[in-house]
């Protein structure tokens, strides 16, 4: 009896590889270790180095439209011609769908851009006998996957994250959910949002799959240790964009300094707000206390977690609705044994249970954020308890291998007959500090 070939899944991403999206890279690596054959598509040109060291270990071929105009046109015309010749009715269906979507869209050129990219993806997938097209992010990648699915007859699915979900018009998201084989998303908060904008008949397609991490790569260590300069380190990591709340963190640090609390703060990351944040630090006279270090490779960041006494991130919901899900850097800090202070936004309270696995402050409240930081800096034993509980929480529901297995199983059975088990049962309000064992004395 001939053994069935392993599934062949195409991953469609906006840009790959990307330094800020280690969760996707981890997922790809584990998928390969689980025996899933992969083909990778980057809608934009790959990000220039530095790349995470793990990138070189990925076996899956990477495809993207050639950057040079002549070769790009040749590749795209050839791909669309092949799709039209192979299945003309499917291609006409996709063309009519794009025309209708562009008529209704505020950005019609964007619709046609995704349609053009979809022909490139569909042609490669058909020639490689791909069995599922899976997009990471509900916006452009999911649009491309949907059009490619229509052209090729290959089912598609997608993972919804944060900005992609909340900045895409709800009717568009609803249509994509209804068309997809299944939809995964990384927080229960997102699941509730999706249920609110999709018809009840599509709710069985919605699945909670947390972003897991490889816990073996993170070694917790005792956080109570002497500092030669007596100034504990507050670490924060993220893109320098409004939803990360770095302005609130700087304001909280200003309050700490004025109250006589000793500390140093390092912000790792790059982004458009860097000049404004540096100016804010200078205006407040905090240049000796707060350092903006720019981008950092993941390998270097792992070492940096070991130096931190507290990890702080203050996400907020900005005016256009953009927000975080559960920032992966919070998960990594917890895995490293660093006590976490964050804000009660989006899915963060699913992981950061106030006074259990971390401390929470209201968003856009530097005073409350400063008070939470003051508690941890003033009583390191609180941090030991929170860090211990946080690591236990990760071991239960955030192991990358287990979360990737859950996604793999959805890919194998097309989403199954209903949503994945409700992982939120262990993180709903009402848990208390005593619900997890205390660290050994």
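The values are calculated or read from the model by the stated rules, or taken from the named source; none is laboratory data. All figures in this text were calculated on a predicted structure; none of them were measured in a lab. For neighbour counting, all protein chains shown are included, and Cβ atoms are generated from backbone atoms with ideal geometry for every residue, glycine included.
Yes/no per residue for (1) modelled with pLDDT under 95; (2) surrounded by fewer than 14 Cβ atoms within 10 Å (Cβ to Cβ); (3) in the same structural domain as residue 123 (by TED's automatic domain parsing); (4) farther than 24 Å from residue 404 by Cα:
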| position | (1), (2), (3), (4) |
| --- | --- |
| 43 | no, no, yes, no |
| 46 | yes, no, yes, no |
| 78 | no, yes, yes, yes |
| 84 | no, no, yes, yes |
| 87 | no, no, yes, yes |
Check on residue 348, in the same structural domain as residue 324 (by TED's automatic domain parsing) and either free of Cβ contacts under 8 Å to residues at least 24 places away in the same chain or over 17 Å from the mean Cα position of the chain (by Cα) (or both): no
Residues of the stretch 117-152 that turn out to be farther than 14 Å from residue 63 by Cβ, over 26 Å from the mean Cα position of the chain (by Cα) and free of Cβ contacts under 8 Å to residues at least 60 places away in the same chain, as a count: 0
Evaluation of residue 59 against (1) touching a residue at least 12 places away in the same chain (Cβ under 8 Å); (2) loosely packed, with under 13 Cβ neighbours inside 10 Å; (3) part of a helix (DSSP H, G or I) (one fails), failing number: (3)
Failed item in (1) in a helix (DSSP H, G or I); (2) over 14 Å from the mean Cα position of the chain (by Cα); (3) at pLDDT 95 or above, with residue 190 passing the rest: (2)
Residues of the stretch 29-39 satisfying the condition of being buried (at least 19 other Cβ atoms within 10 Å of the Cβ) and within 24 Å of residue 119 (Cβ to Cβ): 38, 39
Any hit, the stretch 357-367, residues being touching a residue at least 24 places away in the same chain (Cβ under 8 Å) and closer than 20 Å to residue 212 by Cα: yes
Per-region count, the stretch 279-291, residues outside any loop (DSSP other than H, G, I, E, B) and either in the same structural domain as residue 48 (by TED's automatic domain parsing) or under 24 Å from residue 362 (Cα atoms) (or both): 3
Qualifying residue in the stretch 103-123 (condition: touching a strand residue (DSSP E or B) at 6+ places or on another chain (Cβ under 7 Å) and crowded, with 16+ Cβ neighbours inside 10 Å): yes
Restricting the stretch 150-171 to residues that are in a loop (DSSP other than H, G, I, E, B) and surrounded by 24 or more Cβ atoms within 10 Å (Cβ to Cβ), the residue that is modelled with the highest pLDDT: 161
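Here's the yes/no breakdown for (1) surrounded by 22 or more Cβ atoms within 10 Å (Cβ to Cβ); (2) touching a strand residue (DSSP E or B) at 6+ places or on another chain (Cβ under 9 Å); (3) assigned by TED's automatic domain parsing to the domain that holds residue 33; (4) closer than 23 Å to residue 255 by Cα:
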| position | (1), (2), (3), (4) |
| --- | --- |
| 355 | no, no, no, yes |
| 369 | yes, yes, no, yes |
| 383 | yes, yes, no, yes |
| 386 | yes, yes, no, no |
| 407 | yes, yes, no, no |
Residue 221, sole failed condition from (1) modelled with pLDDT of 95 or more; (2) surrounded by fewer than 22 Cβ atoms within 10 Å (Cβ to Cβ): (1)
Residue satisfying condition, being within 23 Å of the chain's Cα centre (by Cα) and free of Cβ contacts under 8 Å to residues at least 40 places away in the same chain, within set 264, 274, 283: 274
The stretch 295-338, residues that are touching a strand residue (DSSP E or B) at 6+ places or on another chain (Cβ under 9 Å), assigned to a loop (DSSP other than H, G, I, E, B) and farther than 21 Å from residue 251 by Cβ: 295, 296, 325, 336, 338
